[in-house]
Amino acid sequence: MSKMFKVLLSFLTALVLTIGIAPTAFAESHDDPGTIVDIAVGNDDFSILVAALQQAELVETLQGEGPFTVFAPTNDAFASLLDALGVTAEELLAQPDLANVLTYHVISGQVMAGDLEDGLEAETVNGETVSFDLSGDPMVNDANIIQTDIEASNGVIHVIDTVLVPSNFTLQEVDMEEDDVPQTGIESNIAVLAGMIMTAGAFVFVLTKKSAESK
């Protein structure tokens, strides 16, 4: 068997292993959508929300049995709030009332889009109520509901374009340290797959180089 053929065989083996592992990495997410937190972590447009949940120590809560209904603000929604408040994302995440704001986006129980009615009011985990306007484009308070019924294993997510701010929220001045900035620290399955492919490519490159040097 020629050395070049061995290199080609090694490449094909590495490729087959990579492709074979990939479905395994995605199988669980395909069969089980994961918790509300899992879905948020897997969507780059919720990265500020995920950081906020971590900072407010609500990740474990929203990974619980539930069910919960979460109105999830996008990064653009947070950007608009930051502009309105005149603060940075880090300063917002350092707010003592952060958990109070986030729980204003959560309703106990699973409320699907079809369960909503015009004028309906619902109590949030925060204790205050939100109201729904379905006379035009669906809204919760002053936020447009731009995507509905993202089902999780412990509830449902509806995406909104504005951060809901409870009436009892007061912006406070905070001292920021670099170490205070929260990090998600969680790699997505896409990143894992990319890493496997890069590893397989590097393996083939080394084998090819060794084959050429031995000639």
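So the values come out like this:
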{"read-out": "Summed side-chain charge close to S108 - residues other than S108 whose Cβ falls under 14 Å, Lys, Arg +1, Asp, Glu -1", "value": "-4"}
{"read-out": "Whether region 33-189 is rounded, prolate or oblate, judged on the alpha carbon gyration tensor where a/c under 1.5 counts as rounded", "value": "oblate"}
{"read-out": "Interchain or long-range residues, amide H under 5 Å from I145's placed H", "value": "M139, V140"}
{"read-out": "Charge sum, other residues only, whose C-beta stays under 12 Å from S167's C-beta, Lys/Arg counted +1 and Asp/Glu -1", "value": "-2"}
{"read-out": "Contour excess over end-to-end distance, with Cα ends at N141 and S47 and 0.36 nm allotted per residue", "value": "31.5 nm"}
{"read-out": "Sorted peptide list for 121-132, 145-156, criterion being average Cβ within 10 angstrom, highest first", "value": "145-156, 121-132"}
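Values in this text are rule-based calculations from the coordinates and carry no lab data. Keep in mind it's a predicted model, so treat the numbers as computed, not measured. Note: ideal-geometry Cβ built from the backbone for every residue, glycine included; neighbour counts use all protein chains shown.
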